[in-house]
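Novice: Pasting a structure here, questions to come.
The values are calculated or read from the model by the stated rules, or taken from the named source; none is laboratory data. Everything quoted here is computed from the prediction, not taken from an experiment. Quick reminder, even Gly has a Cβ in these numbers, built from the backbone with ideal geometry, and neighbours come from all protein chains shown.
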Amino acid sequence: MVKMTEAVTKSAVVIPQLIVGLGNPEPKYDQTRHNIGFAAVDALSRAWQIPLGENRKFQGEYGEGIAAGGNKVRLLKPLTYMNRSGQSIQAVTSWYKLPPESVLVIYDDMDLPLGKTRLRLSGSAGGHNGMKSAIAHLSTQNFPRLRIGIGKPKDTTNGENSESISHVLGRFSASETQLMSLVLQFVVECVEFSLKQGVEKAMNRCNSRKDEG
C-alpha cells in the first residue's frame, strides 16, 4: 500500500507532446510582436528538422518528428486567426487523444518586459485572445504555457487602446530583433529541457534568465 505522503508528493511529470505557437496568418502579420509564438515554433522546427506543412484537418501548419532527447513531438501553428486558435488546437488533441496537460502553448505577453520568458503549468488567459480560445476549447486552463515578453508601448495611457493594438501588431526594431533571436534560441533550450526533465523542472531554468544589457 502506498503511503499517503508518497502519493501526495509524487506528482506526475508533465512532458509536452504538442507544442503550439500562437499568431495570425497572412504575410502582413509576419515578424510582428503578436506572432512571436509562430516564430518560436519555426525555431523549433529548424532546430529539430521537423518540416511544417498546411494541414486542413487541423486548420494549421503542422509537423511531427523526434525532438532533442528522442521524444516524439508535434508542432502546430494555428491558421484560424488568433481569437480562434483553440479550434485548431482541439482538432489535434481530439484526433490524437492528447490530454490538455500535454499541450504547451507559446505566445506573446505585453505585461512582461521585452525578451523575458515565463513558463507555467497552468493559469488564466490574462486578456490574451488566443489563450482565451485555447482555454475554451480545451475546457481547462490546466495546460503549460510559455510566455515571451514583448513589452508595452511607451505612451500607454489606457490598457486597451489603439497604441496597444499598433504595438502588438507592429514589428520589432533592428536592436529588438537581435535580442529576440537570442530569446528564441533560449526558448528552444527551454522547450528541450521541458521534454527531457518535465515542465516543472524547466520552470526554474526558464524563469530565471537574466537579460543582458
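Novice: Counting just the residues of the range 50-102 that are touching an Asp or Glu at 6+ places or on another chain (Cβ under 9 Å) and β-branched (Val, Ile, Thr), which one comes out farthest from Thr140 (Cα to Cα)?
Specialist: Ile50
Novice: Might you check whether a residue that is in contact (Cβ under 8 Å) with a residue 40 or more places away in the chain and surrounded by 13 or more Cβ atoms within 10 Å (Cβ to Cβ) occurs anywhere in the range 52-60? Step through it out loud before you land on a result.
Specialist: From the range 52-60, those in contact (Cβ under 8 Å) with a residue 40 or more places away in the chain are none; that's our starting set.
No, the conditions are met nowhere in the range 52-60.
Novice: Which one of the conditions (1) among the hydroxyl-bearing types (Ser, Thr, Tyr); (2) in contact with a Pro (Cβ under 8 Å, 6 or more places away or on another chain); (3) surrounded by 15 or more Cβ atoms within 10 Å (Cβ to Cβ) does Ser166 fail to meet, given that it meets all the rest?
Specialist: Just one mismatch for Ser166, condition (3).
Novice: Could you tell me whether Ala91 is assigned to a helix (DSSP H, G or I), surrounded by 15 or more Cβ atoms within 10 Å (Cβ to Cβ), of a type in the set (A, V, I, L, M) and more than 15 Å from the chain's Cα centre (by Cα)?
Specialist: Yes.
Results for (1) more than 29 Å from Val13 (Cα to Cα); (2) β-branched (Val, Ile, Thr); (3) in contact (Cβ under 8 Å) with a residue 60 or more places away in the chain, shown as yes or no for each residue.
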| position | (1), (2), (3) |
| --- | --- |
| Ala91 | no, no, no |
| Asp109 | no, no, no |
| Arg118 | no, no, yes |
| Met131 | no, no, yes |
| Leu138 | no, no, no |
| Lys152 | yes, no, no |
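Novice: If I filter the range 99-143 down to residues being over 18 Å from Arg205 (Cα atoms) and of a type in the set (Val, Ile, Thr), which single residue comes out as nearest to the chain's Cα centre (by Cα)?
Specialist: Val103
Novice: I've got another one for you. Any residue that is touching an Asp or Glu at 6+ places or on another chain (Cβ under 7 Å) and farther than 22 Å from Val191 by Cα - is there at least one of those in the range 142-155?
Specialist: Yes, some residue in the range 142-155 is touching an Asp or Glu at 6+ places or on another chain (Cβ under 7 Å) and farther than 22 Å from Val191 by Cα.
Novice: Taking Thr80 and the conditions (1) crowded, with 17+ Cβ neighbours inside 10 Å; (2) in contact with a helix residue (DSSP H, G or I) (Cβ under 8 Å, 6 or more places away or on another chain); (3) in a helix (DSSP H, G or I), which numbered condition does it fall short on, given that it satisfies the others?
Specialist: Going through the list (1) crowded, with 17+ Cβ neighbours inside 10 Å; (2) in contact with a helix residue (DSSP H, G or I) (Cβ under 8 Å, 6 or more places away or on another chain); (3) in a helix (DSSP H, G or I), Thr80 breaks only (3).
Novice: Output the residues belonging to the range 14-45 that are of a type in the set (S, T, N, Q) and either under 18 Å from His128 (Cβ atoms) or without any contact (Cβ under 8 Å) to a residue 24 or more places away in the chain (or both).
Specialist: From the range 14-45, those of a type in the set (S, T, N, Q) are 17, 24, 31-32, 35, 45; that's our starting set.
Matches in the range 14-45: Asn24, Thr32, Asn35.
Novice: Follow-up. Look through the range 1-37, keep the residues that are part of a helix (DSSP H, G or I) and modelled with pLDDT of 90 or more, and return whichever of them is surrounded by the most Cβ atoms within 10 Å (Cβ to Cβ).
Specialist: Gly37
Novice: Also, quick follow-up: Looking only at the range 153-187, count how many residues are assigned to a loop (DSSP other than H, G, I, E, B) and at pLDDT 85 or above.
Specialist: Going through the range 153-187 one residue at a time, the tally reaches 4.
Novice: I need every pair where a residue in the range 181-205 that is without any contact (Cβ under 8 Å) to a residue 24 or more places away in the chain has its Cβ under 7 Å from the Cβ of a residue that is surrounded by 16 or more Cβ atoms within 10 Å (Cβ to Cβ) and of a type in the set (A, V, I, L, M), sequence separation at least 6 or different chains.
Specialist: Pairs found: Phe193/Ala202.
Conditions tested, residue by residue: (1) modelled with pLDDT of 95 or more; (2) of a type outside the set (S, T, N, Q).
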site: Asn83; (1), (2): yes, no
site: Ser88; (1), (2): yes, no
site: Ser102; (1), (2): yes, no
site: Asp108; (1), (2): yes, yes
site: Thr117; (1), (2): yes, no
site: Ser133; (1), (2): yes, no
site: His137; (1), (2): yes, yes
site: Gly151; (1), (2): no, yes
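Novice: Kindly provide the set of residues from the range 66-87 that are under 14 Å from Ser133 (Cα atoms) and touching a residue at least 60 places away in the same chain (Cβ under 8 Å), ordered by number.
Specialist: Scanning the range 66-87 gives Met82, Ser85.
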